[in-house]
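First the structure, in the form of structure tokens, and then the observations on it.
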Amino acid sequence: MTYSRRTFLKSTALAGSAFIIVPRHVLGNGHVPPSDKINIGFIGLGKQSRGLARRFTEVTDAQIVAGSDVWTSKMEWFQQHVEEVYAKHRGTPGYSGVASYLDYEEMLERSDIDAVVIATPDHWHALQAVAAMESGKDVFCEKPLTHTIGEGIRMVQASKATGRIVQTGSMQRSWENFRKACELVRNGYIGEVKKVLVNVGDPARDYDLPAEPMPAGVDWDRWCGPAPLLDYNHRLAPSSNDVDFWPDWRLYKEVGGGIICDWGAHMFDIAQWGLGMDRSGPVEFVPPEDPAAVRGLRMKYANGVKMIHEDFGRGWAVRFIGSDGSIDISRKFFESTPANLAGVELKADDVRLADAGGNFYKDWLDAIRNRTQPICDVETGHRSATVC
């Protein structure tokens, strides 16, 4: 399938006002027999796919069967990487079972693929996720779930209309310390919550990298897709996954949301979870007075709780402040006032939050089999991305 850029933008559902949802009865019920493996296709085979592929090759009731990317080098790397892992696990030298596709639409036409993992830059998430749902596939989509609020609304609509299971890649919800911190907040162990401080990185900025020669083996029009046609620069999108940096596309507003969205989709997500706002969000946003400021955004919920994007000196972290204490939580620490709340045993009648059993990826696969909602479903991911 070959597109000119003009044809591509005209034909893409989310690029304009058209939004088509195929009714669920057209697709079939999509239930996966318990005795069968869940066949997975990957869309986006860049650096993030390495860790995701490892997670899903570790799960014995799933099978990675295909991958799609606009880079031929990354398709070749992914195919070799996954096949080598399976060959090692199964003691079968020469294992060959992973197909490669330049166009993800072609991969989605395969009826034997049950689900897809989307690990492309943010500006592609909604387009690919909705297309996958319309083709009868369940979806694991990296965070932030979408690039715009409108795209998030459409993804929620598509999931409801098609009955597809969507897991947002906010894996901190499967970590025990984050769950325990949010349970303590939800159950009043720091009193009435007054304020939440969230520190993550800066907002997105306009694209400003200098143009470099286009490397071989990439469909650059396709990479840009619904975004403006940007000048190529290796920092934006390196041709190889073997680089010592994370690609900088996430810093630029044309294709990403800045670190406030990249890491905010983790930390604002935890704030939302602790406040019980997974189906809601702030009702008021007050930007800092200085338009050049990168911190200071103030948000207010309908119940009066304030949330502030503020550097409180602890790295990327969340601080819940209540009438009787506080909790600081991050990937590196779990501290509280009064001290040692982390060791408190919850009471029998306390609110308990969803527990993924420490395996965020199996949680999605279990939800696919059982047709239940995973720990970070599409609505949750949309609401957290909206805050960002």
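Of all residues in the stretch 308-318, exactly one satisfies the criterion of being surrounded by fewer than 21 Cβ atoms within 10 Å (Cβ to Cβ) and in a strand (DSSP E or B), namely I308.
Considered as a group, the residues in the stretch 327-347 that are open to solvent by 30 Å² or more (accessible area, probe 1.4 Å) and assigned to a strand (DSSP E or B) include one that is nearest to N187 (Cα to Cα), and that residue is T337.
Flag: T386 does not match the condition of being touching an Asp or Glu at 6+ places or on another chain (Cβ under 9 Å), at pLDDT 95 or above, hydroxyl-bearing (S, T, Y) and surrounded by 17 or more Cβ atoms within 10 Å (Cβ to Cβ).
Would you say D355 is loosely packed, with under 14 Cβ neighbours inside 10 Å and charged (D, E, K, R)? Yes.
If you go through the stretch 264-277 one residue at a time, do you hit one that is among the acidic types (D, E), over 21 Å from T380 (Cβ atoms) and modelled with pLDDT of 95 or more? Within the stretch 264-277, not a single residue is among the acidic types (D, E), over 21 Å from T380 (Cβ atoms) and modelled with pLDDT of 95 or more. Quick check on the stretch 288-298. Is at least one of its residues acidic (D, E), free of Cβ contacts under 8 Å to residues at least 24 places away in the same chain and over 21 Å from L341 (Cβ atoms)? Within the stretch 288-298, one or more residues are acidic (D, E), free of Cβ contacts under 8 Å to residues at least 24 places away in the same chain and over 21 Å from L341 (Cβ atoms).
Residues in the stretch 371-378 include at least one that is among the charged types (D, E, K, R) and open to solvent by less than 40 Å² (accessible area, probe 1.4 Å).
Selection over the stretch 174-200 of residues that are in a helix (DSSP H, G or I), of a type in the set (A, V, I, L, M) and more than 17 Å from H266 (Cβ to Cβ) gives a count of 1. The helices (runs of 4 or more DSSP H) falling completely within the stretch 205-286 that include 3 or more residues that are touching a strand residue (DSSP E or B) at 6+ places or on another chain (Cβ under 9 Å) and open to solvent by less than 60 Å² (accessible area, probe 1.4 Å) map to 259-262, 264-275.
Residues in the stretch 329-388 that are free of Cβ contacts under 8 Å to residues at least 24 places away in the same chain and at positive phi: N340 alone. Within the stretch 174-196, being open to solvent by 30 Å² or more (accessible area, probe 1.4 Å) and among the acidic types (D, E) holds for E176, E192.
The values are calculated or read from the model by the stated rules, or taken from the named source; none is laboratory data. In this text the structure is predicted, and so the values were computed from the model without any measurement. Cβ coordinates were reconstructed from backbone atoms using ideal geometry, including for glycine residues, and neighbour counts include every protein chain displayed. Surface areas here come from the heavy atoms of the whole protein model, side chains and all, with no ligands, DNA or RNA. Shrake-Rupley method; radii C 1.70, N 1.55, O 1.52, S 1.80 Å.
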